[in-house]
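Following: one structure in structure tokens, then a few remarks.
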Amino acid sequence: MKLSIIMDRYINPHAGTEGQVIKLVQGLLEKGWEVRFAVLRGSDYTRSGQFPVAVDELGIGSISNPANWLRTFQYGRQLKSEGFSLAHCFFNDASVICPPMMRLAGLPAIISRRDMGFWYTADYKRILRLTGRFVRAAVCNSQAVAEVTQKAENLPARKVHVIYNGYPDVVVPDEEVSDSRAFSSTKRCLVIGIVANLRPIKRIEDLIRALGLLVAAGYKLELRVVGAGEKAPYEALVTELNLQNCVNFIGGKADPDLFIRDFDIAVLCSESEGFSNAIIEYMRCGKPVVCTRTGGNPEIVTDGENGYLVPVGDVQELANKLEVLIEQPELREKMGRDGAAKVREHYSLETMLSQHVVLYQSIAPEVRQA
């Protein structure tokens, strides 16, 4: 019942992968596991003492340096001598350097993949196909990610396992939403919202343009954008479309649930997604979803049941589906209920934890015997 988790770096517990890792660690600790956590490179957060367990900082920079491979091997030998049975590696460099060195040290290693491989380069693919021979399993957070991982890294299907992200059942109570009320319009109108950092891959400009079409058709709407990043280019588009009174850039927030609860319709129009935490957050809050048909989104959103799927970049179709929901409040309510039920059934924290435990036990005999 001793597990090592190794990551490139851990900066922000509210980020997608980092958030799931901390939930995994907390859940395993509650189940009586001993978890050893290590990072190749430290951060202010990992040095702050806020992580649930002590953090080993390995001081590993470039993976092209042979000394760093030796250091990883030595860490693996230390883990083995202390009775650890398995190493679970997250992010790029850890998943390259750890599997062969852990194997050499006598520990099986598994890796996690949580996106559509935008970071793959020809060099990464070449080395991953070599070090992948030492990977006992690859955990992917959607079927779409699993397919990309298997093909890009040349992993056999038997090694690739889909474990969806897990989320707690309880949503933030109403009395805790006061922070979000500060952003409410003085004159109530229907609120369309998106939780996404202001990056090109999120295609927030498509949503702004769709909003412009709807406002031009006479709808009274407010768009709220919850996410960090440079907003100047988006504000310029808002000004160009004369939507200054309709768009509110709220910025990055540690607890997006507080703001999602005020959405009437929730949107994600990304160009690429592995498994979207934002969509799950929308559904947990009982909101109907309009999102792009990309990556793992169709695994979460069933078109016409708990939301709508639209083609990437199709502003007119995005506006059309939003209009359907604007016009039909009963449909919004039904889709929201169906979405919340799906999250409870398929994406619970306990399901995520139990599936990891089953996988760990299937790989490490010591864990299984315990």
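The values are calculated or read from the model by the stated rules, or taken from the named source; none is laboratory data. The model shown is predicted, which means the values in this text are computed figures rather than measured ones. Backbone-built Cβ (ideal geometry, glycine too); neighbour counts: all protein chains shown. The area values use the complete protein model at the heavy-atom level, side chains included, leaving out ligands, DNA and RNA. Shrake-Rupley method; radii C 1.70, N 1.55, O 1.52, S 1.80 Å.
Table for the structure above
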quantity	calculated
Violating pairs (Cα-Cα greater than 25 angstrom) within the set K202/K253; K151/K342; K80/K159; K220/K334; K202/K334; K31/K287	K151/K342; K202/K334; K31/K287
Heavy-atom accessible surface of the chain: percent carbon and sulfur, 1.4 Å	48
Nonlocal amide H pairs with Y167, under 5 Å, H built at 1.01 Å	S348, L349
Amide proton proximity set for G229, modelled H, under 5 Å, gap of 5+	L198, G252
Candidates A228, A144, A217: whichever shows maximal mean-square fluctuation once the chain is modelled as a Gaussian network with Cα springs under 10 Å	A217
The chain - mean residue ellipticity at 222 nm from DSSP helices (-39,500 (n - 2.57) per run, n ≥ 4, rounded to 500)	-13000 deg cm²/dmol
Rounded accessible area per residue of the chain, 1.4 Å, Å²	43
Leading residue at positive end of dipole, region 179-347 (Cβ point charges), from Q316, G304, L258	L258
Choice from P108, P66, P156 showing the highest fluctuation, given a GNM over the chain with Cα pairs closer than 10 Å	P66
Most fluctuating residue given options G286, G83, G42, as computed from a GNM of the chain linking Cα atoms under 10 Å	G83
Region 265-325: mean projected area of Cα convex hull, nm²	3.4
Interchain or long-range residues, amide H under 5 Å from R36's placed H	L3, S4, I5
Degrees separating the helix 92-105 axis from the principal Cα axis of the chain, which is the longest one	20
Translational D in µm²/s for region 179-347 (Stokes-Einstein at 20 °C, 1.002 mPa s, Kirkwood Rh from C-alpha pairs)	137
Net +/- balance of residues flanking A137 in space, Cβ distance below 12 Å, scoring K and R +1, D and E -1	+4
Alpha carbon Rg of the chain, scaled by the compact-globule rule 2.2 N^0.38 Å	1.06
Mean Cβ neighbour count within 10 Å, used as a protection proxy, ranking 324-331, 311-318, 32-39 highest first	32-39, 311-318, 324-331
On Cα atoms only, tilt of 329-346 relative to the major axis of the chain in degrees	10
The chain: relative contact order as a whole-number percent, Cα under 8 Å and 6+ apart	14
Surface accessible to a 1.4 Å probe, Y167 within the full protein complex, Å²	10
Cα long-axis angle, helix 204-216 against the chain (0 to 90 degrees, to the nearest 10)	10
